[in-house]
Amino acid sequence: MFVSVFDMFKVGVGPSSSHTIGPMVAAARFLDTLRASPFTPAGLKATLYGSLAFTGVGHATDRATILGLAGFRPDDYDADAAQAALPRIAEAVEVMPEGLPALRFHPATDLIFDFDAPLPGHANGMVLAATDAQGDVILQETYYSVGGGFVLTAAELAAGKDTDDGAPVPYPFKSAVEMLQMCARESKSVAQLKRANELSRMTNAGLDRGLHRVWEVMRACMERGLATGGILPGGLGVKRRAHGIHQALLAERGMNLTPPHTINDWMSVYAMAVNEENAAGGQVVTAPTNGAAGVIPSVIRYWLDHVPGAVPPKVGDFLLTAAAIGGLVKHNASISGAECGCQAEVGSASAMAAAGLCAVLGGTPEQVENAAEIALEHHLGMTCDPVNGLVQVPCIERNGLGAIKAVSAASLSMRGDGTHFVPLDACIETMRQTGHDMHAHYKETSLGGLAVSVPNC
């Protein structure tokens, strides 16, 4: 089992990895299929099902699908070009992706939200179709956005293809138990195992450049969030708070009366800055999802700026360790809010961040596993119930609390020797079972919980 660190940490666009990045990736894949097909298409149609339909407008799924069919991709997304393209597409009722003829596409009629029933494979399903000049379907594919920007066709999902199927890696651990056994046998850290696996796919220099870029995009996103005020889009009137809180914290620095728990405000503001940028549709890194994108960069920033002895070159080890834990969660449970609730998003992110922090603080592999388990255990049962389908309430603050839990979990694990009662593997399986039992209303449909308990305007 191998999930690359660059699959867990993908550069993309807000506000949602499964509802924005995923549909754009699916559209790009469909265009590639069209380019390789013998057909001459004249038009395109897209139908959204399940959670993609219920919270699609709030998550900008419609926008992402239209732009994806026009040839935009999340990894090199140009926000200004996208903003200019949308009115042109609406006026011309066609898209012009590279390598294909102009294709008829009327956003008002060719993009369909089907609220009747989800597709059988996953809550996030969509069908993309190409039509001929008469409007008859000549090519069609079903895609599932399974969380974190990962996209599978119906055939891939049925075949269980959720990970890299390339050449074998040197340390193919599928569970935390296997991971710890390999660490002990090889006298390696979790980050060293993960690095060796990554180097079976790329050079050492390429890996380090990629890790550096991931952190730089995370940091840039955070800085934009800390510097920007105003109201978030979407109609709820949610105020950006990170800028004001950050300015207040800077003004209080050095004051003797500042209470020790103010460090929690620093962690929260770092996370909130990222998620406010995500909610505004900015560039963000899935970590492992957009909805949970603030937790890991917040904990890295906390470590770099507030913990004595922290050094930037070790950020790579943090990310590699976090990705190893995220891969276990994805493989054995889910990182999709539409599948398992927010325990699968912020809970997974908090576990990943706790493991990464424990690693750079000098924790043993056993302490790293313990840190991840503590953080995930105390997110079990968390629902995903975004108000008005927007990744704003309670998502933005929730990232701050996820970061605080991650730091606490890492600290607790470092106080012990790594032995503990509940194994990480058991906690991941519990999360999977809890998500399976959770009512669909609480899994990113905005049909239950806070989404129906507070006014939407």
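Okay, here's what the table says:
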quantity	calculated
Radius 13 Å from Cβ of residue 10, net charge of other residues (Lys, Arg +1; Asp, Glu -1)	0
Dipole of the chain [Lys/Arg +1, Asp/Glu -1 at C-beta], most positive-end residue of 92, 248, 12	248
In the stretch 216-291, trypsin sites (Lys or Arg not before Pro) in a DSSP loop with at most 11 other beta-carbon atoms within 10 Å	253
Part-to-part distance (alpha-carbon centres) for the stretch 399-425 and the stretch 117-193, which is given in Å	28
Cross-link table 10/405; 239/405; 194/405; 174/405; 174/239, entries beyond 32 Å C-alpha to C-alpha	174/239
Angle between the chain longest axis and helix 295-306 axis [Cα atoms, degrees, rounded to 10]	40
Nitroxide proxy distance, nm - points 7 Å out along Cα→Cβ at residue 440 and residue 140	2.0
Farthest toward positive dipole pole in the stretch 176-453 [+1 Lys/Arg, -1 Asp/Glu at C-beta], among 298, 217, 235	217
For the stretch 15-158: rounded, prolate or oblate by the Cα gyration tensor [a/c cutoff 1.5]	rounded
Residues 16, 51 arranged by fewest to most Cβ contacts within 10 Å	51, 16
Size of electric dipole in the chain: Cβ of Lys, Arg +1 and of Asp, Glu -1, about Cα centre, debye, nearest 20	800
Relative contact order, percent, the chain [alpha-carbon distance under 8 Å, six or more residues apart]	18
Angle between the chain longest axis and helix 346-360 axis [Cα atoms, degrees, rounded to 10]	40
CD proxy at 222 nm, helix term only [per DSSP H run n ≥ 4: -39500 (n - 2.57); per residue of the chain; nearest 500]	-15500 deg cm²/dmol
With Cα atoms, 0 to 90° folded angle of helix 204-227 axis to the chain main axis	90
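FYI, it's all coordinate maths here, none of it is from the lab. Worth saying up front: this structure is predicted, and the values here are computed from it rather than measured. Backbone-built Cβ (ideal geometry, glycine too); neighbour counts: all protein chains shown.
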